[in-house]
Amino acid sequence: MSDQQKPRGKGKGKSSGKGAPQREAEATDTESPSGDVREDSATASASSTDATAVEATAPEPEGSGGSTEPASSDEQAPRAQSVLREILESSTLVVIMAILASLAIGGLLIVFADEAVREASAYFFSRPGDTFSAMADALGAAYSAMFQGAVLNVDATTFAGMIKPFTQTLTMATPLIFAGLGLGIGFRAGLFNIGAQGQLLIGATLGAYVGFAWHLPWGIHLIVAVLGCALGGAIWGFIPGFLKARTGAHEVIVTIMLNYIALNLVSWLLTLDTFQREGSDNPITPVVDETAQYPLILGSGFNLHLGFLLALACAWGVWWLMERSTLGFEFRAVGANPHAARTAGMSVSKAYILVMVIAGALAGLAGSAQVLGTEKVLTTATAGSLGFDAITVALLGRSRPLGTVMAAILFGGLRASGPTLQVQAGLPVDIIFVIQALIVLFIAAPPLVRSMFRLPAPAHEKEVAA
Amino acid sequence: MKNTIRFGAIAAAGALALAACGTAPEEEPTAAETGGTESEAPVEEVDFKACMVSDQGGFDDASFNQSAYEGLQRAADELGVEIAQAESTAESDYGPNLDAQVAAGCDLIITVGFLLGDATLAAAQANPDVNFAIVDFGYEEPVENIKPLFYETDEAAFLAGYAAASATQTGTLGTFGGINIPTVSIFMDGFLAGANYYNEQNGADVTVLGWDGADGSFTGDFENQANGQNTAQGFLDQGADIVMPVAGPVGLGAAQAVQAAGDAWLIGVDSDWTQSAPDYADVIFTSVLKNIGNSVFDTIEASMTEYTNEPYVGTLENSGVGVADFAEGTVSDEVVSELETIAAAIMNGEIEPSTAG
């Protein structure tokens, strides 16, 4: 009994805490009293059409009032989730427009960063043509370098040379597909997992260790190493999932902190002789055995490795999991409304833990693309910014497997064009990151994109407005 | 208030518009004319392309990537070579960056740091007709078309350690690094050896905090200045009055702590910090110089006529490493002349500037 009362008390405290600012809002904001609450429930019902069964049996979390609900860690979740949902539901058109807008603004930066343009603009009024032609030159050089670096090298004399950039794009996309898929599952289950970076690193560490320290026969070695990567990531994903499920620790904070722990752990491991090359004190592991490396699928002239096909297989697997399996249905139900899911008899805790374990395993596989595919060694730089790029990829792909694959290929292309952009066009690689960051910015603010391009608001928002 | 902003905006807009009113340069001929004239003595364009790939620190890391890049730029300015550079942001960028530079027709490709060791080797083996050089890394077996550039920074750090030991008021020195890697610890080791040598020669008892010949204090990265400040403060609290941070920009945090303490000194590394960190010029005791830029420049210049894979080793003798001027009034003339003797002894091998030897 006392067990029952305690959480209830907490629940009341929280709900009254929530209520106060709302009343304030009602008092001050005459235009839309408690608008965000209604939006919450409206988006919830609009989005969870595929979870109608749950919806029908479950009371509205806000409407029914906190006092009758059993208090839990996810009490504060719906607000954050509605933002997430808003992002995930932005239409394909918005996504494409966001990419175009980012490329356009990136173009402006290219233009103004260009020395010739700045020189010519100094005498803009006496001969404006110079400025414009310099601008055109700068843009042409930049975009053609991006195209040649990411899609097709038109200067190449052989067919292999021509398609090499695209295979490089796919290679660069591979870890992003893996990690993006994992994050996507989390997003759809209402978990904002920022920890792909750490999960990737730990996975890569375990996989690399298996790769260079164990010497197993051909075939088995690769499988064991890949499983090692997945296991490492899964362990690192399990921790925040478990903490969230049992103690309500917020996954954003926990995963961010675990990223630091992972990075410092790897830095420390790399100071040990076991992880260093013989006769060297540099923090870099030996090269993983050839038996543990992903075979190159297009021959030695290309970097594209088996990991890419594995990533596509995982994409299919994730699609099946989320759309066809009971477990995936539970994940989605928990994401749509944890209270409703619980009322319907699902274990929210189990879902949180499983989601994080699967996401971690996929992030670990992203690590395998690095240590068993392209790099073949582990250093502290192995993860680069992959874990964070993967967040963008998952959001851009609206957390759907197909979308994630496409978004990963787009980002892979941007990354693959980095070298040509720098070497051919002489532009700083930062342009790529600015474009990536702008995409995030626009994706995170669908109304901004819609108003920029005068796109109609999606249906459920109109309902709210009406 | 609003008006001020408005006026400001108008003024700014006006300035921009005026700037845009500048007269256009004469049509084309200027370039053609000056091409041959001697008035500006333009550098003769030569048919040589030198390229550089950074590690993930980027060319603005206030450390070896930056020093190497400055050497590359100087080569463009003074030798007239064509240059191209590619910054790496992740491990997976190394290979593609090198490929792109090979494809762009670079004659000499310089890579910076041990992280690029594997990628450089792979690119060198795949492109035997392109020449490479790598900063701060060497291969166990020499590679036909890779020239390694090393620096015996312990030689210079030894001198700094000796001088610091002579100058300390408290009898305690401190040193710390960013990450325990050979290119960092070599500074700390030379510094410790120099202080120990001073003790031997003068029967003094100067202690060095932060490095014991095998392990010591490391902040964990080359970015977080707060860690540098804390570590330096820790040394100051333990009585150190001269601190040498070997951690790139992290050392600026140490400089803050030292400057705040008032009665302490800092030893800069890599470049002369009275130039590169002028805010702290008043607390810079000296700097241990590692002239990466010069060696990169020299390598490019030499490669234009004849490339060799002979390793370049920066020493006191060839000024690849060195010590900057000491702060006024800190080091006595006597010590300065002793340092000259020691430097000579290091050059001819009589003194081993490390604790191991």
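Since B:M52 meets every condition but one in (1) touching a strand residue (DSSP E or B) at 6+ places or on another chain (Cβ under 6 Å); (2) assigned to a helix (DSSP H, G or I); (3) within 25 Å of B:V246 (Cα to Cα), which condition does it not meet?
(2)
How many residues does segment A:213-238 contain that are surrounded by fewer than 21 Cβ atoms within 10 Å (Cβ to Cβ) and assigned to a helix (DSSP H, G or I)?
Counting residues in segment A:213-238 that are surrounded by fewer than 21 Cβ atoms within 10 Å (Cβ to Cβ) and assigned to a helix (DSSP H, G or I) gives 8.
Which of the numbered conditions does B:F218 fail, given that it passes all the others? Conditions: (1) away from chain A (no Cβ under 14 Å); (2) touching a strand residue (DSSP E or B) at 6+ places or on another chain (Cβ under 7 Å).
Looking at each condition in turn, B:F218 falls short on (1).
Looking only at segment A:377-394, count every residue that is crowded, with 24+ Cβ neighbours inside 10 Å, more than 11 Å from B:A90 (Cβ to Cβ) and more than 8 Å from the chain's Cα centre (by Cα) and tell me the total.
1
List the pairs whose first member sits in segment B:89-109 and is closer than 17 Å to A:T374 by Cβ and outside the structural domain of B:A122 (by TED's automatic domain parsing), whose second member is of a type in the set (G, A, S) and at pLDDT 85 or above, and whose Cβ atoms are under 7 Å apart, counting only residues at least 6 apart or on separate chains?
Listed pairs, sorted by first residue: none to list.
Looking only at residues that are modelled with pLDDT of 90 or more and of a type in the set (G, A, S) in segment B:325-357, which one is farthest from the chain's Cα centre (by Cα)?
B:S337
Could you tell me which numbered condition A:G307 fails, if it satisfies all but one of (1) of a type in the set (G, A, S); (2) in contact (Cβ under 8 Å) with a residue 60 or more places away in the chain; (3) surrounded by fewer than 17 Cβ atoms within 10 Å (Cβ to Cβ)?
Among (1) of a type in the set (G, A, S); (2) in contact (Cβ under 8 Å) with a residue 60 or more places away in the chain; (3) surrounded by fewer than 17 Cβ atoms within 10 Å (Cβ to Cβ), A:G307 violates only (3).
For the subset of segment A:324-350 comprising residues that are of a type in the set (S, T, Y) and under 22 Å from A:I235 (Cβ atoms), which member is surrounded by the fewest Cβ atoms within 10 Å (Cβ to Cβ)?
Only one residue tops the list, namely A:S347.
Can you pull out every residue in segment A:117-140 that is within 13 Å of another protein chain (Cβ to nearest Cβ), buried (at least 16 other Cβ atoms within 10 Å of the Cβ) and within 30 Å of A:F411 (Cα to Cα)?
Correct list: A:V117, A:A134.
Out of A:V288, A:V371, I need the residue that is assigned to a loop (DSSP other than H, G, I, E, B), touching a Gly at 6+ places or on another chain (Cβ under 6 Å) and not aromatic (F, W, Y). Which one?
On the way: A:V371 fails: assigned to a loop (DSSP other than H, G, I, E, B).
On inspection, the qualifying residue turns out to be A:V288.
Only one of B:V283, B:V258, B:V296, B:V269 is in contact with a Lys or Arg (Cβ under 9 Å, 6 or more places away or on another chain), assigned by TED's automatic domain parsing to the domain that holds B:G171 and of a type in the set (A, V, I, L, M); which?
B:V269
Among the residues of segment B:64-82 satisfying the criterion of being farther than 18 Å from B:V321 by Cβ and charged (D, E, K, R), which is nearest to the chain's Cα centre (by Cα)?
For segment B:64-82, the residue satisfying everything is B:R74.
As an exercise: evaluate A:I353 against (1) farther than 23 Å from A:W236 by Cβ; (2) more than 14 Å from every other protein chain (Cβ to nearest Cβ) and give the number of the one condition it does not meet.
Among (1) farther than 23 Å from A:W236 by Cβ; (2) more than 14 Å from every other protein chain (Cβ to nearest Cβ), A:I353 violates only (1).
Having 3 or more residues that are more than 10 Å from chain A (Cβ to nearest Cβ) and over 18 Å from the mean Cα position of the chain (by Cα) is the bar; report the strands (runs of 3 or more DSSP E) wholly within segment B:97-182 that clear it.
B:172-177
Identify, from the list B:T183, B:T170, B:T175, B:T231, the residue that is of a type in the set (S, T, Y) and over 26 Å from A:T271 (Cα atoms).
Step by step, each of B:T183, B:T170, B:T175, B:T231 is checked, and only B:T170 is of a type in the set (S, T, Y) and over 26 Å from A:T271 (Cα atoms).
May I ask you to list the residues in segment B:76-90 that are facing chain A (nearest Cβ under 7 Å) and assigned to a strand (DSSP E or B)?
B:A84, B:Q85, B:A86, listed by residue number.
Just to be sure, is B:V250 touching a residue at least 60 places away in the same chain (Cβ under 8 Å) and buried (at least 18 other Cβ atoms within 10 Å of the Cβ)?
It is true that B:V250 is touching a residue at least 60 places away in the same chain (Cβ under 8 Å) and buried (at least 18 other Cβ atoms within 10 Å of the Cβ).
Answer with yes or no whether A:I431 is farther than 30 Å from A:W268 by Cβ and of a type in the set (V, I, T).
When the stated conditions are applied, A:I431 passes them.
Give the residue, chosen from A:A408, A:A437, that is among the small types (G, A, S) and within 19 Å of A:L310 (Cα to Cα).
After ruling out the rest, the residue left standing is A:A408.
From the list A:A156, A:A145, which residue is of a type in the set (G, A, S), surrounded by fewer than 21 Cβ atoms within 10 Å (Cβ to Cβ) and over 24 Å from the mean Cα position of the chain (by Cα)? Lay out the reasoning, then the answer.
Working: A:A145 fails: surrounded by fewer than 21 Cβ atoms within 10 Å (Cβ to Cβ).
Going through A:A156, A:A145 in turn, just one is of a type in the set (G, A, S), surrounded by fewer than 21 Cβ atoms within 10 Å (Cβ to Cβ) and over 24 Å from the mean Cα position of the chain (by Cα): A:A156.
If B:K290 satisfies all but one of (1) crowded, with 16+ Cβ neighbours inside 10 Å; (2) within 16 Å of the chain's Cα centre (by Cα); (3) more than 13 Å from B:S67 (Cβ to Cβ), what's the number of the condition it fails?
Evaluating B:K290 over (1) crowded, with 16+ Cβ neighbours inside 10 Å; (2) within 16 Å of the chain's Cα centre (by Cα); (3) more than 13 Å from B:S67 (Cβ to Cβ) leaves (3) as the failure.
The values are calculated or read from the model by the stated rules, or taken from the named source; none is laboratory data. Note that the coordinates shown come from a computational prediction; the quantities given were computed from them, not determined experimentally. Because the Cβ atoms are built from the backbone with ideal geometry, glycine has one as well, and the counts that use them run over all protein chains shown.
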